[in-house]
Amino acid sequence: MQTKRTIIISNRLPIRIEKQDGKLLFIPSEGGLATGLGSYYKKGGSIWVGWPGYIPESPEEEQLIREELARQNLIPVFLSAQELEAYYEGFSNEILWPICHYRLSYAVFDKSYWVAYQQVNQKFCDATLAQHITEKDEIWVHDYQLMLLPQLLRQQNNYLTIGYFQHIPFPADEIFRCIPWRNELLKGLLGADLIAFHTYHDAQHFLNSCLNLLHLSPKNNSVRCRDRRVHVEVFPMGIDFEKFEQLSKSTDVLSRVQVLQEQYQDRKIILSIDRLDYSKGILERLAAYENLLQTYPELRNRVVLYMLVVPSRDNVAQYKLLRDEIDRMVGHINAVYGSDEWIPITYFYNSLAIEDLAALYVAADICLVTSLRDGMNLVCKE
């Protein structure tokens, strides 16, 4: 008798594959979703479906990856370079991402992106159904790259239990209606039984879109869609509190804290940590910090902005421009206000080990978060 399984589906698997000296390496991912669900999916025969972050160079290599991932309860969906460019870089990150973060001028409405988005969502549907899904299983679809998937699955089996969780903001309906394929996206989500968001406003924006675009009247945080009622709820994502608490007390982290405190002496450390993205308000933060140094010159040599920017999508034009402008502003502020004894901004463009992050959290006096739009900023909670 088959037990109930949870089928997690996301754009990326919780691992990434790299090839070094002709050998494949399977490395755990540091992403928020992978961290939050890393141990959960391994229980009770549950599985995780997603792209493994690698394009196989031969059918034999693809089969090898499938077998290795199967040992970890992972089911790969292999995508071509063309699919990744149009579905992921294109529709997901040049249409959905800017629209959901209220940057309409950044959106590129290319119909080929939409065609690829449909095809890849169907690919994820086929890969999921190949796992012999039954009505006992629970399907959990994650995020904006797979907005069509709930309805695609529902069309194959009306009795499936499907949840969808959006990890980025959902915009107001007058913003969302700018997408030419807005109705198809909404209907795709309404294939789920439960649609979840991080904040109350995101949930309300979705319900308003159902009302004003599809003319479906919400009632008690739910929408009736033909013979089903789709529930819309708010579930703010948390962090592994125990892990960070233990890290903050470990001797390794505390020794790194001491090094930081000696390096910056009695200066107040203002810490900011972001992925490279125009939604994070990094340029606005730098402008505010310069304004602080102009308005209160007595704070010079008494504070330092420790700014860590984690590389992301820097092959996309808007992100390249953003990184160049960050470099320019940091250089300008350090040149104008710095001295032989003091550099106003300590700036790094890379990723850090969790121990180094924990040390920064402990050593800092202020955490500065200036996101213009965010799904759920976990740095605040960390």
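The calculated FRET efficiency for HIS332 paired with ILE366, based on their beta-carbon distance and R0 = 22 Å, is about 0.50. Remark: the ALA172-LYS381 segment gains 72.7 nm on full extension, using 0.36 nm per residue and subtracting the alpha carbon distance. Cβ crowding within 10 Å, taken as a proxy for footprinting-reagent exposure, orders MET147, MET237, MET376 from fewest neighbours to most as MET237, MET376, MET147. Under 21 Å of direct C-alpha separation, and excluding same-chain neighbours fewer than eight residues apart, LYS320 reaches these lysines: LYS280.
For the pairs LYS23/LYS243; LYS187/LYS219; LYS4/LYS123, note any where the Cα-Cα span goes beyond 28 Å. Check vs 28 Å cut-off fails for LYS23/LYS243.
Diffusion coefficient (Stokes-Einstein, Kirkwood radius over C-alpha pairs, 37 °C, 0.692 mPa s) for region 208-277: 187 µm²/s, rounded to a whole number.
The ranking of TYR106, TYR144 by Cβ neighbour count inside 10 Å, starting from the fewest, reads TYR106, TYR144.
Ordering HIS205, LEU129, PRO171 by the projection of their Cα atoms onto the charge dipole of region 6-234, which places +1 on the Cβ of Lys and Arg and -1 on the Cβ of Asp and Glu, puts HIS205 at the extreme positive end. As a ratio to 2.2 N^0.38 Å, the alpha-carbon radius of gyration computed for region 141-187 takes the value 1.24. When each of the peptides 91-103, 48-60 is scored by how many other beta carbons lie within 10 Å of its residues on average, the order from highest to lowest is 91-103, 48-60. P(r) tail, the chain: Cα-Cα pairs separated by more than 32 Å, 41% of all pairs. Charge dipole of region 6-234 (Cα centre as origin; +1 on each Lys and Arg Cβ, -1 on each Asp and Glu Cβ, all else neutral): 800 debye, rounded to the nearest 20. Just round it to a whole percent: the fraction of Cα-Cα distances in region 6-234 exceeding 33 Å. It works out to 16 percent of all Cα pairs.
Using a simple spin-label model with pseudo-atoms 7 Å out from Cα toward Cβ, ARG228 and SER250 lie 4.3 nm apart. Computed over the chain, the per-residue total of -39500 (n - 2.57) for DSSP H runs of n ≥ 4 gives a 222 nm mean residue ellipticity of -11500 deg cm²/dmol, rounded to 500. Taking 0.36 nm per residue of separation and subtracting the Cα-Cα distance, full extension of the segment from ASP324 to TYR296 would add 7.3 nm.
Once the Cα-Cα distance is subtracted from the 0.36 nm per residue extended length, the GLN131 to GLN265 segment shows a gain of 42.5 nm.
Taking the DSSP bridge list for the chain and keeping only pairs wholly inside it, about 20 percent are antiparallel. Size descriptors for region 288-356: radius of gyration and Dmax over Cα atoms are 13.9, 41 Å. Summing Cβ point charges (Lys, Arg +1; Asp, Glu -1) relative to the Cα centre of the chain gives a dipole of roughly 1240 debye. Placing unit charges on each Cβ (+1 for Lys and Arg, -1 for Asp and Glu) gives region 241-381 a dipole about its Cα centre, and among LEU286, VAL336, SER248 the Cα reaching farthest toward its positive end belongs to LEU286. Using every pair of distinct Cα positions in region 241-381, the Kirkwood expression returns a hydrodynamic radius of 16.0 angstrom.
Each value in this text was obtained by applying a stated rule to the coordinates, not by laboratory testing. If you're wondering where the values come from, they're calculated on a predicted model, not measured in any experiment. Please note: Cβ atoms are built from the backbone with ideal geometry, for glycine as well, and neighbour counts cover all protein chains shown.
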